[in-house]
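Engineer: The structure that follows is given in the form of structure tokens.
Read the figures in this text as sums done on the coordinates, not as results from a lab. Predicted model, so just to flag it, every value in this text is computed and none were measured. Cβ: placed from backbone, ideal geometry, glycine included. Neighbour counts: every protein chain shown.
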Amino acid sequence: MGTPFSPATHEWQSAVAELVPTALEGLYVRKFPITPDTAIMTAGSCFAQHVHRHLQDRAWNVIDTETPSIALPRAALNRYGYGLFSARYGNIYTARQMVQLLEEALGRRTPSEPIWQRDGRFFDALRPNVEPEGLGRPRLVREARADHLKHVLRAVRSTDVFVFTLGLTEAWVHRDDGTVYPSAPGILAGEHDPEKYVFYNFTMAEVQQDLDDLRTTLHEIKPGMKILLTVSPVPLTATGSGTHVLSATTYSKSVLRAAAAEVADMYKDVDYFPSYELITAPSAKGTFYDANLRTVSMSGVAAVMDMFLSAHEASDLRGTSLRSGGDDEDARELVCEEALIEAGRA
């Protein structure tokens, strides 16, 4: 049940049209508190990297189980998948991909075609972008993945709140067992084989079930964990659905938003954070996007994080300003292979 009717939040003119987007009262009302001391695990699409980076810059307790404790520039670490999320799993664009990662970490599933090749080098097919040049032998890929899965479980077991950013409904999957890959085979590595791989667009019911399964699995690993869902406001670069990219983006984001709402409404320990609504609000007049109308601007990122911090009464937090850009300009540069993923769907 929602709050009692109020023109300030329930009428379009007074709640949206007459306000700047950063002053949309009641757009986010937290279900549970999150503090700088709360152990936070992050995962999701490219936009989720902003959440991880900015909370980390403000000295929040953001879990990172896999980044080496050596003095290297952020850009150098990020290029190899370190420091982007709470473990080195790279971008996780779909709920199904996240569920499969946890099932694999628990020893319950073995993905089809876990190793891809390119130019005599070998890549982890489930995170092909974390080793840009690949590794010299398949054995090294298997060993690295086994170690990675341990870090994933360690992260979950250390977590109080899991922040998951939903990015896409479109994916490439293996025909045999439904393994979801983060990039199309043949783009970063591997070879496109229509006998092995198929393009798939998840439905709302499937995403909702995947989120429900995700909650169940997370609670199995760490009972009592809370979950904060959000939807990436970044449109699709291109689509393999056969429809116009604008229609495909609308479908994808609508499905993700509806599924997240259904799950958040069902459980007290699942909340939804409206980063998508804030960035795409008509009152923003597109100003939260860069000139390509796709990349979220730094002012947009700042608005999202300010809304989150304000709701959790954290305006006096220690750490660097969200508008400072972090330690260098690479704060703008996300490690995001989605453009390559989408290009391979044509």
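Engineer: I'd like the GluC sites (Glu not before Pro) in region 139-244 restricted to DSSP loop residues with at most 10 other Cβ atoms within 10 Å, sorted by number. Please report the intermediate quantities before stating the final value.
Structural biologist: Values: sites: Glu143, Glu170, Glu191, Glu195, Glu206, Glu220; in loops: Glu191, Glu195.
Loop-located and lightly packed - Glu195.
Engineer: With an 8 Å cut-off on Cα pairs and a minimum separation of 6 or more residues, tell me the relative contact order of the chain in percent. Show your work: numbers first, answer last.
Structural biologist: On the way: 592 pairs, mean separation 73.9, N = 346.
Dividing the mean separation by the residue count of the chain yields 21 percent.
Engineer: Counting other beta carbons within 10 Å of each residue's own, what order do Thr42, Thr165 fall into, fewest first? Write down the numbers at each step before the final one.
Structural biologist: Numbers: Thr42 27, Thr165 30.
So the residues, fewest neighbours to most, are Thr42, Thr165.
Engineer: Okay, next question. Where the only charges are on Cβ atoms (+1 Lys, Arg; -1 Asp, Glu), what is the dipole of the chain about its Cα centre, to the nearest 20 debye?
Structural biologist: Roughly 460 debye for the chain.
Engineer: For Tyr197, which sequence-distant residues (separation of 5 or more, or a different chain) have an amide H within less than 5 Å of its own amide H, given hydrogens modelled in the peptide plane?
Structural biologist: Arg175
Engineer: In the neighborhood of Ala105, defined by Cβ-to-Cβ distances under 11 Å, what is the net charge if each Lys or Arg adds +1 and each Asp or Glu adds -1?
Structural biologist: +4
Engineer: Rounded, prolate or oblate for region 138-229? Axes are the square roots of the Cα gyration tensor eigenvalues, ordered a ≥ b ≥ c, and the cut-off for rounded is a/c under 1.5.
Structural biologist: Judged from the Cα gyration tensor, region 138-229 comes out oblate (a/c at least 1.5, b/c at or above a/b).
Engineer: Here's a follow-up. Checking understanding here: applying a Kyte-Doolittle mean of at least 0.0 and a length along the axis of at least 24 Å (C-alpha), which whole DSSP H helices in the chain pass?
Structural biologist: Result, helices passing both filters: 245-266.
Engineer: Still on this model: Quick one: of the DSSP bridges fully inside the chain, what percent are antiparallel, nearest 5?
Structural biologist: The antiparallel proportion sits near 45 percent.
Engineer: Can you give me the long-range amide H partners of Val231? Hydrogens built in the peptide plane at 1.01 Å from N, cutoff under 5 Å, separation of 5 or more residues or another chain.
Structural biologist: Amide H neighbours of Val231: Leu166, Ser275, Tyr276.
Engineer: Considering amide H positions built from the backbone, and no H for Pro or chain starts, which residues 5 or more places from Val270, or on another chain, come under 5 Å of its amide H?
Structural biologist: Here Ile227 satisfy the definition.
Engineer: What does the net charge come to around Val20 if you take all other residues with beta carbon closer than 13 Å to its beta carbon, with K and R at +1 and D and E at -1?
Structural biologist: Here the charged neighbours net out to -2.
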